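Each remark here refers to the structure printed beneath this line.
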Amino acid sequence: MPTERPPTIDPIAAARWHESAPALSPWLHEEVARRMEDRLQWIRQTPVAWCNWEAVRGGLEGHALVSARYPKARCFVVETTRKAREAASQSLSKPWWSRWTGEQVRLEMPDEGAVQMLWANMALHMAADPQDLIGQWHRLLEENGFLMFSCLGPDTLRELRVLYSELGWPPPSHAFTDMHDWGDMLVHAGFAEPVMDMERITLTFATPQRLLEELRELGCNLHPDRFAALRGRAWREQLYKALEQRLIDGSGSGQLSLTFEIIYGHAFKPAPRVRVSSSSAVSLNDMRAMLRNGPARG
């Protein structure tokens, strides 16, 4: 079972990025949130309460879409850094009279087992210990609740990886986990019926400067073998030139193109399995609960 931390993520660098990440919703995160929200139409269960894990980085516009789909549901927003909590408070806090309009947003961690859906957009690929994070999500969900998440997949930045390799430079980013491995982690954490999906999105940029600006908003290089010192102006100009020469798309537009693989995941938290041996005793209340809930998922 995949219980070890990702070998190409430096946990110290991951912690520093987590604290220093800009408290904003990158465009790509918002677009992925929109596409993931559209997948909720296939979920029959309507949550009474749901949790948005790191809504600011995950996409505030996406948060609004999910809130509109479940207008009567209580919402917990979990932000794990001070900057993001302040941004969420400014963007999501409601006036006192909103309690009569059905808008219920709490900027706090829900109790364990208190929500029927946990929404986590574009967070897992930057986590130094994703198995532990998935375990946290599992504990917050009520039995038969479900998880919706997205993250970057291994084909992300493939053009940039080839460029860096050909120039003899260290990797431009850490490696991103395959969707099948995410499915294994979900099962190991106690989830059932994981459904994984992926798609590739190609983004184009007018200049190398704009491309690098976008990448800085999305994250940073967490690879342990990344270049350990500061780069100079000469290297930066070399990078700009290489990007202009190697990343031109084939349409003749002169735009620079980069591939992003997006992984979507969905899984249920099943009720615990109850195994009865010939010498076991089951209370009447437990037996009623077993009959009421039916067979466990998974």
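Report whether or not A120 is among the aliphatic types (A, V, I, L, M), in contact (Cβ under 8 Å) with a residue 60 or more places away in the chain and part of a loop (DSSP other than H, G, I, E, B). Taking the combined requirement at face value, the residue does not satisfy it.
Report yes if some residue within segment 158-165 is closer than 23 Å to F191 by Cβ and out of contact with any strand residue (DSSP E or B) (no Cβ under 8 Å at 6 or more places or on another chain); otherwise report no.
no
For segment 57-77, does any single residue satisfy the condition of being small (G, A, S), within 18 Å of the chain's Cα centre (by Cα), closer than 26 Å to I201 by Cβ and surrounded by fewer than 16 Cβ atoms within 10 Å (Cβ to Cβ)? So far as segment 57-77 goes, yes, one or more of its residues are small (G, A, S), within 18 Å of the chain's Cα centre (by Cα), closer than 26 Å to I201 by Cβ and surrounded by fewer than 16 Cβ atoms within 10 Å (Cβ to Cβ). When the residues of segment 141-183 are filtered to those that are in a helix (DSSP H, G or I) and under 16 Å from the mean Cα position of the chain (by Cα), which remaining residue is farthest from S257 (Cα to Cα)? Result: G183. Residues that are modelled with pLDDT under 95 and more than 24 Å from R16 (Cα to Cα) occur at least once in segment 224-233.
Just checking, does segment 220-228 include any residue being touching a residue at least 12 places away in the same chain (Cβ under 8 Å) and in a helix (DSSP H, G or I)?
The initial filter retains those residues of segment 220-228 that are touching a residue at least 12 places away in the same chain (Cβ under 8 Å), namely 220-227.
Cutting the leftovers down to in a helix (DSSP H, G or I) gives us none.
For segment 220-228, residues touching a residue at least 12 places away in the same chain (Cβ under 8 Å) and in a helix (DSSP H, G or I): absent.
The values are calculated or read from the model by the stated rules, or taken from the named source; none is laboratory data. None of these values were measured; they are calculated from a predicted model. Positions of Cβ are generated from backbone atoms using ideal geometry, with glycine treated the same way; all protein chains shown enter the neighbour counts.
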